[in-house]
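Input: a single structure, listed below in structure tokens.
The values are calculated or read from the model by the stated rules, or taken from the named source; none is laboratory data. In this text the structure is predicted, and so the values were computed from the model without any measurement. All Cβ positions, even for glycine, are placed from backbone atoms using ideal geometry, and neighbour counts span all protein chains on display. Surface accessibility is based on the protein's heavy atoms, side chains included, excluding ligands, DNA and RNA. Shrake-Rupley method; radii C 1.70, N 1.55, O 1.52, S 1.80 Å.
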Amino acid sequence: MLNWNYNHQDYLNGGFEPIPPGPHRVRIDNAEEAVSKSGKDMIKLTLDVSGYSGKVFYYMVFVPEYPEQTNKRLGDIYESFGIPQGDLEPLLWIGKVGAAMLSTEVYEGKERSKVDYFLTKQEQEKLPPWQELNPRTAAAGKIVPEMVNLETDVPF
């Protein structure tokens, strides 16, 4: 039988420490091709934030009617994360570290963090180095499964 000390307050609080607005180092946890609600191609980025357990999402929508705007936003991602110019293989972006200016917005009655814009490499120099919350996280940004003895529940 499972034994767990369930705390309903953790559920009500959402379980994540709020991310304060301002500049933060971010790491691409996931990047995938998708289609926006308006039917346009996009890349959905899921970002880890240095020192925080919450995630931030960014939707890079390709807008054919405004190529300059689309190229500017895509160029900002390339510059911030050190991704080669013109690289449209989002799976290769996973694990890259850059930085973003975050703010908060209210969405469906709840406050959440959002990306205002990405910071250049020069602007990132002022930020502290990446702070990992989980020491088991691999360099590519993915959690490495820990070997556990199932009889004792102790890591090897």
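Take the conditions open to solvent by 20 Å² or more (accessible area, probe 1.4 Å) and under 18 Å from Leu47 (Cβ atoms) and apply them to Lys72. Does it pass?
Working: open to solvent by 20 Å² or more (accessible area, probe 1.4 Å): yes; under 18 Å from Leu47 (Cβ atoms): no.
No: the conditions fail for Lys72.
When the residues of the stretch 99-108 are narrowed to those that are under 19 Å from Tyr52 (Cα atoms) and not polar (S, T, N, Q), which ends up surrounded by the most Cβ atoms within 10 Å (Cβ to Cβ)?
Our first condition is that a residue be under 19 Å from Tyr52 (Cα atoms); within the stretch 99-108, this holds for 99-105.
Restricting the remaining residues to those that are not polar (S, T, N, Q) gives 99-102, 105.
On the way: Ala99: 24, Ala100: 27, Met101: 15, Leu102: 21, Glu105: 10.
Result: Ala100.
Would you mind telling me which numbered condition in (1) loosely packed, with under 10 Cβ neighbours inside 10 Å; (2) of a type in the set (Lys, Arg); (3) at pLDDT 95 or above Lys96 fails?
Going through the list (1) loosely packed, with under 10 Cβ neighbours inside 10 Å; (2) of a type in the set (Lys, Arg); (3) at pLDDT 95 or above, Lys96 breaks only (1).
Among the residues of the stretch 81-93 satisfying the criterion of being out of contact with any Lys or Arg (no Cβ under 7 Å at 6 or more places or on another chain) and crowded, with 18+ Cβ neighbours inside 10 Å, which is nearest to Lys126 (Cα to Cα)? It would help to see each step written out before you state the result.
Kept after step one, since they are out of contact with any Lys or Arg (no Cβ under 7 Å at 6 or more places or on another chain), are these residues of the stretch 81-93: 84-93.
Okay, now just the ones that are also crowded, with 18+ Cβ neighbours inside 10 Å, so 90, 93.
On the way: Pro90: 27, Trp93: 23 Å.
Among them, the one singled out is Trp93.
Mind checking which residues of the stretch 101-117 are of a type in the set (Ser, Thr, Tyr) and under 18 Å from Lys72 (Cα atoms)?
To start, the set of residues in the stretch 101-117 that are of a type in the set (Ser, Thr, Tyr) comprises 103-104, 107, 113, 117.
Residue satisfying the conditions is Tyr117 alone.
Looking at the stretch 53-64 only, could you name the residues that are outside any strand (DSSP E or B) and buried (at least 19 other Cβ atoms within 10 Å of the Cβ)? Outline the logic, then answer.
Pass one, the stretch 53-64, residues outside any strand (DSSP E or B): 53-54, 62-64.
None; the set is empty.
Only one of (1) out of contact with any Lys or Arg (no Cβ under 7 Å at 6 or more places or on another chain); (2) among the charged types (D, E, K, R); (3) farther than 23 Å from Lys126 by Cβ is not met by Lys72, so which one is it?
Every condition holds for Lys72 apart from (3).
Report, by residue number, each residue of the stretch 109-126 that is in contact (Cβ under 8 Å) with a residue 24 or more places away in the chain, under 17 Å from the mean Cα position of the chain (by Cα) and open to solvent by less than 90 Å² (accessible area, probe 1.4 Å).
Ser113, Lys114, Val115, Phe118, Leu119, Thr120, Gln124
Scan Glu68, Glu105 and give me the residue that is within 20 Å of Asp116 (Cβ to Cβ), without any contact (Cβ under 8 Å) to a residue 60 or more places away in the chain and in a helix (DSSP H, G or I).
Details: Glu105 fails: in a helix (DSSP H, G or I).
Selected residue: Glu68, the only one of Glu68, Glu105 that is within 20 Å of Asp116 (Cβ to Cβ), without any contact (Cβ under 8 Å) to a residue 60 or more places away in the chain and in a helix (DSSP H, G or I).
On the given criteria, is Ile43 out of contact with any His (no Cβ under 6 Å at 6 or more places or on another chain), under 29 Å from Pro129 (Cβ atoms) and modelled with pLDDT under 95?
On the way: out of contact with any His (no Cβ under 6 Å at 6 or more places or on another chain): yes; under 29 Å from Pro129 (Cβ atoms): yes; modelled with pLDDT under 95: no.
So Ile43 does not fit the description; no.
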